[in-house]
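What follows draws every value from the coordinates through simple rules; no lab data is involved. What you are looking at is a predicted structure, and each value in this text was computed from that prediction instead of being measured.
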Amino acid sequence: MDCLTSSATPAAACTAPDTAASRRAIQLLDDLEAAIAANDPEAYNRHIEQAADQVPPAIVLAILQRYLPSLLSEEHNDRQLAWGMGVRL
């Protein structure tokens with residue numbers, strides 16, 4: 001069971017190996033947070049497209065739906081949601 005994509009797995013039980021994909025997933029989270037804070041939808045989309053080749057799609061989806069929203073302010077969450085619908089705030 002994948003620790004990132006399973007909501008039933010407690011964080012303490014996750015012992016995922018430190019792989020290139022997991023390091024890239026952490027970098028993606030940082031890059032997306034910075035792009036949202038800078039109000040740069042082009043950088044946001046570019047980071048997602050680049051990650052698609054390096055990180056499994058299920059992990060990218062988990063980052064976008066589960067982890068990133070918990071790190072963002074309400075304004076930045078609204079911005080991310082709008083960009084997903086093709087609207088720039």
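Some observations on this one:
- Segment residue 27-residue 64, extension gain: residue separation times 0.36 nm, minus the distance between their alpha carbons: 12.0 nm
- Note on residue 88 and residue 71: the extension gain reaches 4.1 nm, defined as 0.36 nm multiplied by sequence separation minus the Cα-Cα distance.
- Once the chain from residue 53 to residue 40 is taken as fully extended at 0.36 nm per residue, the excess over their C-alpha distance is 2.5 nm.
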